[in-house]
Amino acid sequence: MAEIDQKSKQQQLVAFIDSQSLEDFLELYRASLGILKEYDHVELLLRASRYGLLSFVRNILNDGSAFVNANCRHPSTKILPLVVAIRAQKHDVINYLIQEAKTDINWSCEKKNITCLHEAIRQRDLSTTKLLLQYGAIVDKRHLQIAIIECLSPKDTETSPIALFDLLVAHQPDLLDDTGRKVAVEFIIRRTRGLSPCPYPHLAPLLERLVSIENCTSIIDLPMSSTIEPMKATSSNMHRTQVAIIGAGPAGLVLGALLSRSGIDSIVLERHSRSYVESNLRAGLLEQATIDVLDEIGTGERLFQEGFIQRNMNLQFEGERITFPVRELTQGKVATIYGQQLVLQDLINLRIKSGRRLWFDIESVEIERHDVADDGFGPLLRFIRCGGSNEEFILCDFIAGCDGVLSPCCRCSVPSDILHTIERVYPFAWLSILVQAPPSYNEIIYSTSTEYGFALHSLRSPTQTRFHLQVPLSDTLADWSDERIWNELRLRLKSNNLSWTLNEGPIVQRALFPVRAVVTTPMQYKRLFFAGDAVHILPPTGGKGLNTAVKDVQILTDAFEDYYDNDQFDKLNNYTNSCLPHIWQAQEFGIYMTSLLHKIDISQDCDVDDRNSMEFNKQLQKVQQQSLKHSKALQQHVAEMYV
């Protein structure tokens, strides 16, 4: 009961922060100090820092000083409240945490190469950068490199990145000693190597600070600002980039955003319209690591405001609902429901705002060349825009194949004897419906019945609910009337808790899709690298599809960085082997959840041997369910996989 009380109070406290109800928050917070866990206090402080609520931040640090302080860490990324406030650009909180709360401004997350100063530079936050330097922030060449990357970005902001560059050099002049200048120029050359003249408005003034007129031969081919006469003429139908990304789904757009943060240029091509991509409803269960990446690249604001936090897992076997505390078992990590179309909207807005190239309505794309040709030119793409007739070309260093399950361009371009696909196809499908009715519960419910099969209750918005039903593989949408759907949902989601009711309403969308697991290897061919659904499909029960794609592109980004920083192919050559462990781990979780929750057979015409096999599997499933119900160790393992 105390555990339930703690969860309930934490949810109320989060709601008070979101509604900025300070008096209600303080009354409940002070009354709950002895009940809340340490990670509860951390969550509240991070959330208040994100929303810039100084009065909340101050009171949490004062009243909860026995449990939390300004140097507490995010449970997953280990970042400080100050980093959260800098990302959200909440200057009242920033100033308080630096000047009064005595945050460790030289905190560093070595794994991700993040410091407070890094974040201030990335945000082009001149005032916070000055304040951090004033209070003793350590500056090194990594910080200067981030300032240079910002100078290579086409995005337009009120603060010029040149001002940040000058501030760092003025604070620590030895950053630009002879060695420092050489390293900086070499970094710029690598990051702009081979690019056509592009509107880099800060590149020329940056080079003025780095290179003397007498020593400019090494930079003669750098792409200059549009205000400077281009060194090379280019045809209007020939485009140049470093990484050509085919597909504007989660894999392609997250890859593009990660590359931008590293100063690596890319072009994203998408065959559908922007409106189609932004409105195509898809599942969106985001694990903690995915939430962290989206926050890091700058698309976390709406996610944190509108996403449904999943602190628990709710599994229902034959009407008996079992809830185990994912957040407690993982020391503060959570999953969040946030529709894939919303993720894509945020990523598209970010890319357009940053001035990076993203082209929709591409009628056809062909890979003309996968590798470097004898003339030294790299991979080549040919494409036509929808409604147009003129062919255009992209010359690049690498191609990222992120064009989805069908992969009409990338996978089809590889010789058939190169790729090897293995799969498991289940003898049932999912009927997915969207209902115009408030969710019946504030979290996902996974429910199964040996008689009726599997059903899932999920959330889409305060007024919309998503349901999934296990159905025969041979069924069509015509087989499932509204009445039949609701009858099955009532039977499958029926709870022994008589107070729970199923909210019903108009069905506004429905779709059928098979349940299967697919892995294609290798995930690369010459200079083409695959990511996401193009090379792996996961059982939907685990909710890992989007999350696995994000892990793919993180590994791919790291490999591209190694190439552009060190001229090394080792990580690129090992890309497939680096990805397969997390892909198979996600497959294992999806297959486990599928076997745990689905009716073993839904056909009526099996022979005797099949029925014996079904009974055998049914008994194994029952043991699986009982083990999860009673084993804390197993619950912890499942919780860690879930988030």
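The values are calculated or read from the model by the stated rules, or taken from the named source; none is laboratory data. Everything quoted here is computed from the prediction, not taken from an experiment. So basically every Cβ, Gly included, is an ideal-geometry build from the backbone, and we count neighbours across all protein chains shown.
Looking across region 261-311 at every residue that is in contact with a helix residue (DSSP H, G or I) (Cβ under 8 Å, 6 or more places away or on another chain) and among the polar types (S, T, N, Q), the one that is farthest from S432 (Cα to Cα) is identified as S262.
Restricting attention to region 371-381, the residues that are in a loop (DSSP other than H, G, I, E, B) and either free of Cβ contacts under 8 Å to residues at least 40 places away in the same chain or under 28 Å from the mean Cα position of the chain (by Cα) (or both) add up to 6. Any residue in region 188-203 that's not assigned by TED's automatic domain parsing to the domain that holds D265 and crowded, with 20+ Cβ neighbours inside 10 Å: show its pairings with residues that are in a helix (DSSP H, G or I) and at pLDDT below 80 at Cβ separation under 8 Å, as long as the two are six or more apart or on different chains. From residues that are not assigned by TED's automatic domain parsing to the domain that holds D265 and crowded, with 20+ Cβ neighbours inside 10 Å, the pairs are I188/I219. Highlighted here are the helices (runs of 4 or more DSSP H) found entirely within region 526-643 that include at least 3 residues which are closer than 30 Å to P472 by Cα: 545-566, 575-597, 608-630, 632-642.
Closer than 29 Å to P379 by Cβ and either at pLDDT below 95 or within 23 Å of the chain's Cα centre (by Cα) (or both) - does that describe any residue in region 499-516? No; the residues of region 499-516 include none that is closer than 29 Å to P379 by Cβ and either at pLDDT below 95 or within 23 Å of the chain's Cα centre (by Cα) (or both). Pairs meeting the criteria (first residue in region 49-74 and over 12 Å from Y29 (Cβ atoms), second residue of a type outside the set (A, V, I, L, M, F, W, C) and part of a loop (DSSP other than H, G, I, E, B), beta carbons under 7 Å, at least 6 apart or on different chains) are S49/K90; G52/K90; L53/Q20; A70/K102; A70/T103; N71/T103; N71/D104. Of the listed requirements (1) at pLDDT 95 or above; (2) more than 30 Å from L286 (Cβ to Cβ), S389 misses just one: (1). Being in contact with a Ser or Thr (Cβ under 9 Å, 6 or more places away or on another chain), over 28 Å from T129 (Cβ atoms), surrounded by fewer than 21 Cβ atoms within 10 Å (Cβ to Cβ) and in contact (Cβ under 8 Å) with a residue 12 or more places away in the chain: is that true of K9 here? Criteria met by K9. Out of L406, L381, which single residue is hydrophobic (A, V, I, L, M, F, W, C) and modelled with pLDDT of 95 or more? That would be L381, the only listed residue that is hydrophobic (A, V, I, L, M, F, W, C) and modelled with pLDDT of 95 or more. Only one entry of Q99, Q89 meets the criterion of being surrounded by fewer than 19 Cβ atoms within 10 Å (Cβ to Cβ), modelled with pLDDT of 90 or more and under 22 Å from the mean Cα position of the chain (by Cα), and that entry is Q89. Of the residues A400, A373, the single one that is assigned by TED's automatic domain parsing to the domain that holds Y564 and loosely packed, with under 13 Cβ neighbours inside 10 Å is A373. Answer with yes or no whether S413 is in contact (Cβ under 8 Å) with a residue 24 or more places away in the chain and touching a His at 6+ places or on another chain (Cβ under 9 Å). Here the answer is yes, as S413 does meet what is asked.
Counting only helices (runs of 4 or more DSSP H) that fall entirely inside region 258-364 and contain at least 1 residues that are farther than 30 Å from H118 by Cα and among the basic types (K, R), the qualifying elements are 274-279.
Does region 382-412 hold any residues that are within 19 Å of S266 (Cβ to Cβ) and not in a strand (DSSP E or B), and which are they? Don't jump to the end; show me each part of the working.
From region 382-412, those within 19 Å of S266 (Cβ to Cβ) are 382-383, 385, 392-404, 407, 409-410; that's our starting set.
Across region 382-412, the qualifying residues are C396, D397, C402, D403, G404, S407, C409, C410.
Being farther than 30 Å from D482 by Cβ, free of Cβ contacts under 8 Å to residues at least 24 places away in the same chain, out of contact with any strand residue (DSSP E or B) (no Cβ under 6 Å at 6 or more places or on another chain) and not hydroxyl-bearing (S, T, Y) is a description that does not apply to N547.
Residues in region 143-163: is at least one touching a strand residue (DSSP E or B) at 6+ places or on another chain (Cβ under 8 Å), free of Cβ contacts under 8 Å to residues at least 40 places away in the same chain and part of a helix (DSSP H, G or I)? Yes: region 143-163 contains one or more residues that are touching a strand residue (DSSP E or B) at 6+ places or on another chain (Cβ under 8 Å), free of Cβ contacts under 8 Å to residues at least 40 places away in the same chain and part of a helix (DSSP H, G or I).
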